[in-house]
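Below: the structure, in C-alpha cells.
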Amino acid sequence: MKLPRFSRKTLCIPYAVFLLFFVVVPMLVILFYAFTDDAMHFSFENFIKFFSDPTKLSTIVYSLVIALVTTVVALLIAYPVAYILARSHIKKKYVVLMLFVLPMWINFVLRVNALRELFDLLSQPQGMDWLASANYFKTIFGMVYDFLPFMILPLYTTMMKIDNSLYEASADLGGGAFTTFTRVTLPLSMPGIMSGVTMVFLPSMTNYVVSDMLGNAKVTIIGKFIYTYFGNDWHMGSMIALILLIVVFLSTWLTGGFKADENVRGTNL
Amino acid sequence: MSEHIIELQHVTKAYGDNVVIEDVSFYVNKGEFITFLGPSGCGKTTTLRMIAGFDLPTSGKILLNGQDISLLPPNKRPVNTVFQRYALFPHFNVFENIAYGLRCKKISNTYENDKGERYTKREKLSKKEIAEKVKKALEIVDLEGFEKRSISTLSGGQQQRVAIARAIVNEPEILLLDEPLGALDLKMRKEMQIELKEMHKRLGITFIYVTHDQEEALTMSDTIVVMADGVVQQIGTPKGIYDEPANTFVADFIGESNIMSGTVTGDKKVKFCGKTFDCLDEFEKNELVDVVVRPEDIRMCTPEEGKLTGKVLSVVFKGIHYEITVQVGKYELVVQSTESRKEGEKIGLNIPPDGIHLMKPKYTTNVFDGVITKRNTVEFADGEFECDVTQLYPGSYVDEEDYLVLPSGEKLDLTGEEVNVEVGLNDISISDDAEAGGTTGHIISIIYKGDHYRLIVRTDESEEDFVFSTGDLWNENDYVSVIIPKDKIKLTLKNKEVKK
C-alpha cells in the first residue's frame, strides 16, 4: 500500500477537524434547535414568538443602543489618543501605549468588580446618589473601560502607517488643520476605525458580565438573554443566538469587514 | 523694487546641539532655476523645507518678496513642493490629487448688483474652473486623460508627473523640488530633466531644485548653491562653479579634478609636481596653496615639448573621450582627451595658465580642545592619547608619582587642565583595528591630491574632524581608529595659571 504523501495540506487537518466539531456542528445544532419545538418537530413558533414579544425585541434594541453608544464613546476617546501617539516624536512611545493596553493584562472580572466597588464608594459616602441607579451609565462606562484598548490599537497601527509627507503635502497645497484632518487623516485612518469599531461593537452586544455586575441586574443585553434561555428553553435560546448571528453578519457586512484586502483587521503591534 | 523673490538672511537650523544649517545667507532671483547641490546630509533638503515651511529656522530670517515669512505655516505660503517620494494621496485618484490645492483655495471675485454697486466675495473655485485647471495641468505634464486613474496603477514616472501637476496647478510663485528624479531610472531621469527645464521656461516661475547629482545641477540650473556640512560653499552659474571652484571641496564634488598641493613661487607663478607654472591667480609668495587642474585642461604632447613628462598608466574609453591616467614622478594626473595613448607610453603634458586654479588650503593643522587626565594623557575628540606633558613647561619632568616637576622644583598636578591640542596634517595615521589608536571615527571625505589622499575622519560622538594626508587608499564610511605618535601632539595651556 502506498503511504499518503505528506504535504502542506496535511497540516490543515487538525484545524479542519476543530472547525468541523466546534464551529460547523454547533452551528447546525443551533439551527436545528431554533426551528424545532419540544417534540423536535419542525416549527416556526420560536421565530414568531421572538418577533411578537415586545420584551425580546426591546432587549435586542437596547443591546444595539448600548453597543452603539459604547463604540462611539470608545472611538471618541481612542481617536485623539492614537493620533497624538502616532504623530508624536517622543522616544518612549511604547510605554505610553502600554499604559493604555496594560489593563488587558489584569483579569477581566477583577477589573469590572473593582469598577463596581469604585462606583459604590462614590455613590453612597460621597453623596453621588444618582450613580446608584444610573445602571445604563455604569454599564456603558464599564464597557468603554474594557474595550478601549481594542479601539486604540488598530487605530494606532493604521495611523503609524500614514506617511508624514502626506500631511506635509496637504499643508503645502494650502490645506489648514481642519482640511488636512477631514481629507487626509480621517479617510486614511478609516480601515483602523472600521476594525476598531468591529472589535468593540460586537463584544459589547453580548458581553453580559459587565452589564450584570455594573447594571444591578437591571440591564439585560442580548448575551444575557441567550444565557438565561439556555437554562430551560434551548429552542428559544437557539433562535435568539441565530438572530444575533444575523445582526452581527449584517453589521460586519455593512462596515465592509469582508473585504479580503483589508489587512488591518486585528493588530500587528 | 527688489527682484529677489526669496532671500535667506543668516539662517541657522539646529536640532538640539546638532547644527544642520549654519548661518546660510543667499537670495534667489525671480524666475530663476536655482539648485541646491551637495552630498547627502549637507543641509540642502533642510534649507528647502524651511522655505516650504515644514521646518522653522532656529535663527535668521527668510524673506519672500521682501516680507518675512520665517514663521508662516506652509499652507499660508505661495510655494508648492514636489516631494522626493511624491507624497501623492493614495485614497484619491489623479484628478482629486491635482484638485486638492484648488479645493483649498479661495479667490476674490468682484460682482455688480442691480444698483450697479461693486462688491467682492471670497469664494471657492467652481467645479468647472477646477476641472479646467486640472485638465491644463495634466496637459503640461503630458498625462491627458489620466483623471480617473488611481494612484496605485501609475508607474513611477507617471506618479512623478502627477506630483508636478499637483504642485503647478496652484500657480505658485516658487516651485520647490526635493530630489524629484531620485527614484527614476537613468533614461527617464534624463528625459524628465529636459522636460522640467522646458516647463520652467514655459511657466516662468521660480524653481528651487535640490539634488546630489552634480550633472543634473549643471544641466538644469541657472544658479547653483553648493552646500556641504550645513554651510554654503559656493554660489554661481554652472560654468562659473565648474571653471572657478571656490575650494577643493567644490572642485572635487563638481566634475573631475586633479588636486595637488603647491607653493607660490612668485608673481602669478606656482610650483607643483616639481615644476613651476604660470597661472592667473594671485597669491602671496611662498604661500601654500591647493592647485586644481581639470582633466580636460591638460594637453598631451611629445615628451620633448611637455613641461611635465610621465608614463601612461591606464586608458579608459568614456564614450566621447578617453580618460588617461599619467604617472608624473610620484604624482598621478588624470587627463581627458579625444585622442588615445598607449599604456606604458612616455608622453609630455602641458597646462595652460587658465587651466590652473589656486585656492587657499582649507586645513593646515588640526586643532582640538583637550583635557589632561591624571595619567598625564590628553583627552580630546572622544578619545584619550598619550602625550608629552613636559612640553608645557620648558625643562620640566614627570616624577614617579605622575607629578610634573618644574626646574624650580615645584610640583604640579595637571589633572583636569584644559589645553589646546594641535596635530599636523602629516602626523596622523589610521588603522582598521579599533583598539590601535586613541579614538575612532568614520572616514567622511577622501580627496585625491595627485600623490596622496587627503582624508577627513569624523568621530561619532562629538563629531570632531581629523584632517590628514595618507598614501593609502581607504573607502568613505570606513570605521577606523586614529593613531597619533606621542611626540606629534602639540599642547599649549588654555589658562596660564595652573593650580599648584
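The values are calculated or read from the model by the stated rules, or taken from the named source; none is laboratory data. Since this is a predicted model, take the numbers as computed values, not measurements. Positions of Cβ are generated from backbone atoms using ideal geometry, with glycine treated the same way; all protein chains shown enter the neighbour counts.
Being more than 14 Å from chain B (Cβ to nearest Cβ), surrounded by fewer than 13 Cβ atoms within 10 Å (Cβ to Cβ) and out of contact with any Asp or Glu (no Cβ under 7 Å at 6 or more places or on another chain) is the requirement here; does A:Val144 meet it? Before the answer, list the steps.
Working: more than 14 Å from chain B (Cβ to nearest Cβ): yes; surrounded by fewer than 13 Cβ atoms within 10 Å (Cβ to Cβ): no; out of contact with any Asp or Glu (no Cβ under 7 Å at 6 or more places or on another chain): yes.
Here the answer is no, as A:Val144 does not meet what is asked.
Looking only at residues that are in a strand (DSSP E or B) and over 30 Å from B:Ser40 (Cβ atoms) in the range B:279-307, which one is modelled with the lowest pLDDT? Even if it seems obvious, please write down each step before you answer.
Let us first name the residues in the range B:279-307 that are in a strand (DSSP E or B), namely B:288-293, B:299-301.
Checking which are over 30 Å from B:Ser40 (Cβ atoms) leaves us with B:288, B:299-301.
On the way: B:Leu288: 80, B:Arg299: 92, B:Met300: 92, B:Cys301: 91.
The extreme case among them is B:Leu288.
Restricting attention to the range B:308-328, and to residues there that are in a loop (DSSP other than H, G, I, E, B) and in contact with a Ser or Thr (Cβ under 9 Å, 6 or more places away or on another chain), which single residue is surrounded by the most Cβ atoms within 10 Å (Cβ to Cβ)? Before you say what the answer is, go through the steps one by one.
Initially, the range B:308-328 is screened for residues in a loop (DSSP other than H, G, I, E, B), giving B:318-321.
Next, only the ones that are in contact with a Ser or Thr (Cβ under 9 Å, 6 or more places away or on another chain) stay: B:320-321.
Working: B:Ile320: 7, B:His321: 16.
In this case the residue turns out to be B:His321.
Can we say B:Leu8 is in contact (Cβ under 8 Å) with a residue 24 or more places away in the chain and not in a strand (DSSP E or B)?
On the way: in contact (Cβ under 8 Å) with a residue 24 or more places away in the chain: yes; not in a strand (DSSP E or B): no.
No: the conditions fail for B:Leu8.
Looking at B:Pro78, B:Pro73 in this structure, which one is without any contact (Cβ under 8 Å) to a residue 24 or more places away in the chain and within 14 Å of chain A (Cβ to nearest Cβ)? Can you show your working first?
On the way: B:Pro78 fails: without any contact (Cβ under 8 Å) to a residue 24 or more places away in the chain.
None of the other options fit; the residue is B:Pro73.
Does B:Val378 qualify as being outside any helix (DSSP H, G or I), of a type in the set (A, V, I, L, M, F, W, C) and under 30 Å from B:Ile484 (Cα atoms)? Walk me through how you get there before you give the answer.
Values: outside any helix (DSSP H, G or I): yes; of a type in the set (A, V, I, L, M, F, W, C): yes; under 30 Å from B:Ile484 (Cα atoms): yes.
Yes.
What are the residues in the range B:329-357 that are in contact with a Cys (Cβ under 7 Å, 6 or more places away or on another chain) and modelled with pLDDT under 90, if any?
The answer is B:Gly329, B:Tyr331.
Scan the range B:73-130 for residues that are closer than 17 Å to A:Asp172 by Cα and among the basic types (Lys, Arg) and report the count.
So the answer is 6.
Could you please let me know if B:Pro57 is away from chain A (no Cβ under 12 Å) and either surrounded by fewer than 21 Cβ atoms within 10 Å (Cβ to Cβ) or in contact with a strand residue (DSSP E or B) (Cβ under 7 Å, 6 or more places away or on another chain) (or both)? Break it down stepwise before answering.
On the way: away from chain A (no Cβ under 12 Å): yes; either surrounded by fewer than 21 Cβ atoms within 10 Å (Cβ to Cβ) or in contact with a strand residue (DSSP E or B) (Cβ under 7 Å, 6 or more places away or on another chain) (or both): yes.
Here the answer is yes, as B:Pro57 does meet what is asked.
What are the pairs with Cβ atoms under 8 angstrom where one residue, in the range B:85-114, is facing chain A (nearest Cβ under 9 Å) and the other, located anywhere, is assigned to a loop (DSSP other than H, G, I, E, B) and polar (S, T, N, Q)? Sequence gap at least six, or different chains.
Listed pairs, sorted by first residue: B:Gly101/B:Asn170; B:Leu102/B:Asn170; B:Lys105/B:Asn170.
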